[in-house]
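Here's the structure, in structure tokens; my notes come after.
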């Protein structure tokens, strides 16, 4: 009886707290007046929807499009690598994109990485090895900020995990550059600050990064795919999803195996139960 009474009191207390909490916004509005209108820049923000048709790895049956990942790597190398690092990815990881060992070795050697002079012990540079990680584009954060209007370009290794709906976020960001609606901007007195760029899919629409994908054909794909801005954005977004979650597809495949095993085990347990208790009569109510 005491336990039941305590449960009732606890339930009433929780209900009272929830009711009072729901009244807080109304009380704040009554006491301090309505919240101020949104900043003008927020009126220009548009929620992106990702690439048309989505990505090949979307959904429970998604798979990697290896050709797309290779194109995405090409976009990263020729466009993004000038400012953004991939410090958690090694050249040898490219073997997972169906590159041969010789191709990975040649690709690593095409990059310059920090090294130590064996004779003097001084810092130097050398061609990369498959075991090396992708090099940093700047020696330190101060140099990175100085070259980018005081904004430090983030490392892209895990960018799709660091942003909500990361794959679509990358695509939307790369395709969101342009100019705000002139009439609307004049009405609210909005203008992009000096040194920043308008991007309708960036949360505050003003971003320090210049448009990385400026024109169609900026990259010449080795497989002959037409390099439109949406195509390049889709490919590099897919590649950066792979760098962040290389086991994504394998994890989905393992999940289906686990579900199948659980269904089998459940059916086996049920049949065993029926067999073991077949001779037992149910109790009369």
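Values quoted throughout were computed directly from the atomic coordinates according to the rules given, and no laboratory measurement underlies them. Predicted model only: the values in this text are computed from it and were never measured. Here the Cβ is made from the backbone with ideal geometry for all residues, glycine too, and neighbour counts use every protein chain on show.
Determine the relative contact order of region 187-285: mean sequence separation of Cα pairs under 8 Å and six or more apart, normalised by residue count, in whole percent. Walk me through the intermediate numbers first.
On the way: 41 pairs, mean separation 11.0, N = 99.
Worked out over region 187-285, it gives 11 percent.
Based on the alpha-carbon gyration tensor of region 90-132, what equivalent-ellipsoid semi-axes (square roots of 5 times the eigenvalues) come out, in whole Å, largest first?
Working through the eigenvalues yields semi-axes of 25, 8, 7 Å.
Give me D for region 82-188 in µm² s⁻¹, whole number, from Stokes-Einstein with Rh from the Kirkwood sum over alpha-carbon pairs, 10 °C and 1.306 mPa s. Working shown, then result.
On the way: Rh = 16.9 Å.
Translational diffusion coefficient: 94 µm²/s.
Reported to two decimal places, what Rg/Rh ratio describes region 151-215 when computed on Cα atoms with Rh from the Kirkwood expression?
We get a ratio of 1.01 for region 151-215.
Could you give log10 I(q)/I(0) at q = 0.20 Å⁻¹ for region 114-273, computed by the Debye formula over C-alpha point scatterers of equal weight, without solvent?
So the normalised log intensities work out to -1.38.
Between residue 256 and residue 65, what FRET efficiency follows from the Cβ-Cβ distance if R0 is 22 Å, with the result rounded to 0.05?
Efficiency, rounded to the nearest 0.05: 0.70.
Along its principal axes, what span do the Cα atoms of region 120-172 show, with the longest given first and each in whole Å?
Computed over region 120-172, the largest-to-smallest principal extents equal 48, 31, 14 Å.
In bins 10 Å wide, starting from 0, what share of all Cα pairs of region 208-258 does each bin hold, as a percent?
22, 35, 25, 15, 3
Which value results when the Cα radius of gyration for region 190-283 is divided by 2.2 N^0.38 Å?
2.22
So for the pair residue 161, residue 102, with labels modelled 7 Å out along Cα→Cβ, what separation do we get in nm?
That separation, rounded to one decimal, is 3.5 nm.
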